[in-house]
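Presented below is the structure to which this report refers.
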Amino acid sequence: MSFSYAKNCLQRFCVDEFQMNTETTHSGFFSSDLLPSLGARINYATKLRRFIISPFNPRYRCWEMFLVVLVIYTAWISLFEVAFLSYKRDDTLFIIDNIVDCFFAVDIFLTFFVAYLHRESYLLVDEPKKIATRYLSTWFIFDVCSTIPFQSLILVFTDHKESGGVGFRLLSMLRLWRLRRVSALFARLEKDIRFNYFWTRCTKLVSVTLFAVHCAGCFNYMIADRYPDPKKTWIGAVNPDFKQLSVGDRYITSLYWSIVTLTTTGYGDLHAENSREMLFDIFYMLFNLGLTSYIIGNMTNLVVHWTSRTRNFRDTVKAAQEFAKRNQLPPRVQDQVLSHICLKFKTETLKQEETLNGLPKAIRTSIAHHLFFPIVQNVHLFQGVSRNLLFQLVPEMEAEYFPPKQDVILQNEAPTDLYIIVSGAVELIAHVDGLEQIIGKAVAGELFGEIGVLCGRPQPFSVRTTEISQILRLNRTALMNILHANPEDERIVMNNLFMKLQGFGGYGYVDHQTNAGPEIKRHDDTALTSIDINNLEARVKKQEEVDAQEVNKSINDMSLSFENKKELSEHKVEFIGPDEGTKSCQLKPEVPCCSNSCLKSPTCSTSSSGSKGTKSTHHKKRITIHMKKESLHDQFGKLIMLPDSLEELFRVAGQRFGGCNFKRAVNAENAEIDDIDVIRDGDHLFFL
């Protein structure tokens, strides 16, 4: 099982990143090994010259991993042989060392055929002459010196079969130059997201410490072993016949002294006895100061980095609680604040926004198109629009996470954003006499906030999440700018909104049967629709059952009105904007009289293009009548067509409410109605 795990790790590290065919390149990008600075994966697939090896070739990377293993062996055995062993021709270590040197000699030869990344262009250079020139001018001399078999030279140039020549032994330590490969390995592992950074750094620190302990122990023993008077050495003072001990005992004793000195424990049982040892101990203890500082600093940094998020989270929660207590916030608001902080703590590790903001605009657009385009194109408001409009809208959207029971929109707040639900669900809430009434629900794939954004009116209801939800937010300014730049799509969007509202009885529809709440008013007192997004068809059927005859008559009148409009060649529609005078826009006859700058007033006036004056087209108004009572929750309104006179209106109202004889009528503001012409389409009248 352990062999299988090791094989898996090796495969992940050496091979996974080199899947360069078209099927796997895109999927393996984020799991690849460390890429060169600004290097693109397209470099990996570059066709190189014959006999030139890519540094990203999987076989070459396996070869490098094999050499790293040999380097670890070399780093340990080189110092061990210098301090504790003597060379012999028939010795097993002598044979192994020469075989290892042969492998590194082969690597020197291969390096002349390995392409390299240019420092400025970050492209692979595969010209043999440039490769050779670069290698000869950099690491070639050091690699050759570290590969020369000084053990064999010791046996050739000395008269003894067992030689103790210190000079050749020290030259053999040039093989430690190969440790740069281990350093490069750790540098790659630290940047490889497949490996835990904390444990990678810890492994590096432990490896550096063990190597320092090994080096110091070997050097200190070598000084004692070659001192003229063995009894005046750090080990001879304790055991005069230390040379008669086994190699293992002497090596363990040396490591013991090295670790005791490194950790500044200082038991005193082993200490310097002569000037050579004292001088070496001074340099070693000075080195330990830097090494200890390096280790402690790195470990502190790792621990602080590991716990900083939790500490910052605790500080943020504590500050939020103190703020809520100091300002006496209601419990519901406190819960929403804490829920938001907790969700932010869980999602900030994803670093989605930071990742996107650090990318070029074209890449951000491609990512947004891939993630959000299928969702946006299925939203009812954008049904029928061009693909170009959706392509412009999607990059302007920002994804946000909301915890359960958090307000996304508050009733009557200024419309600033339109929201599309990616996952989760929300409730639509209206405030009735200080109480909250749930009027509907929206789920994934639906949107909310479009009425306030497109009509330029305060939001008609509050929106609150019922579970953890991911929601796309589209700024109103960006939406309007894009719609203005695409007039045809603008008409389609407004037509979709108009048809949705029309499906609920126009602008004055209120579902009294389900106690959905009072009418939601705009700035000019024109009632908007209370929309139950989850039960749209059911609400229409209920309204038709209340007064099917009047609704059918209204639909017929609207059909006749549209037929009359089609006989005209052009139509001019005049609107009163929120901050400017009358505007006019040309609409096709089949498009309803609605635009993104209208809907402030549901009344539209039309005129033919050849006339000087404006001629209003006559159409019936629909109003909702009520019997004046203390509470409206126990009665249903009646939707009727407005008669031609007040007398006829009182008569129809009396018939609808069981033969009552009404004398007065007031609107929702309790203003008395004394003229039939002041009643507007969609008004709610109360009879006394």
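Just so you know, all these numbers are worked out from the coordinates, no wet-lab data involved. Since we're looking at a predicted model, the values are computed, not measured. Cβ atoms come from the backbone with ideal geometry, glycine included; neighbour counts cover every protein chain shown.
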- Query: Considering only Cα-Cα distances, which of the following residue pairs are longer than 30 Å: K361/K500; K621/K663; K344/K441?
  - Reply: K361/K500
- Would you mind checking region 213-231 for residues with the amide N under 17 Å from a putative spin-label position 7 Å along Cα→C-beta of R276? 216-231
- Item | Full-extension gain in nm, L93 to D644, via 0.36 nm per residue minus C-alpha separation | 186.8 nm
- Task: Please work out the FRET efficiency for the pair K191 and A444, using the Cβ-Cβ distance as r and a Förster radius of 45 Å; give the result to the nearest 0.05.
- Result: 0.75
- Query: To one decimal place, what orientation-averaged projected area in nm² is obtained for the convex hull of the Cα set of region 380-426?
  - Reply: 4.4 nm²
- Per its Cα gyration tensor (rounded if a/c is under 1.5, else prolate when a/b beats b/c, else oblate), region 195-303 is best filed as prolate
- Message: Less than 12 Å Cβ to Cβ from L646, Lys/Arg counted +1 and Asp/Glu -1: what total charge do the surrounding residues give?
- Response: -4
- Item | Cα gyration tensor shape for region 358-501, rounded if a/c is under 1.5, else prolate or oblate | oblate
- First select every other residue whose beta carbon is under 10 angstrom from the beta carbon of D225; then total the charges, Lys and Arg +1, Asp and Glu -1. +3
- Item | 14 Å cut-off, amide nitrogen to a point 7 angstrom out along A668 Cα→Cβ, residues in region 427-444 | 430-433
- Rounded to the nearest whole number, the per residue volume of the convex hull around the C-alpha atoms of region 620-685 in Å³ is 87 Å³
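Provide Rg over Rh for region 47-194; use the alpha carbon set for both Rg and the Kirkwood Rh (inverse mean inverse pair distance).
Here the Rg-to-Rh quotient is 1.04.
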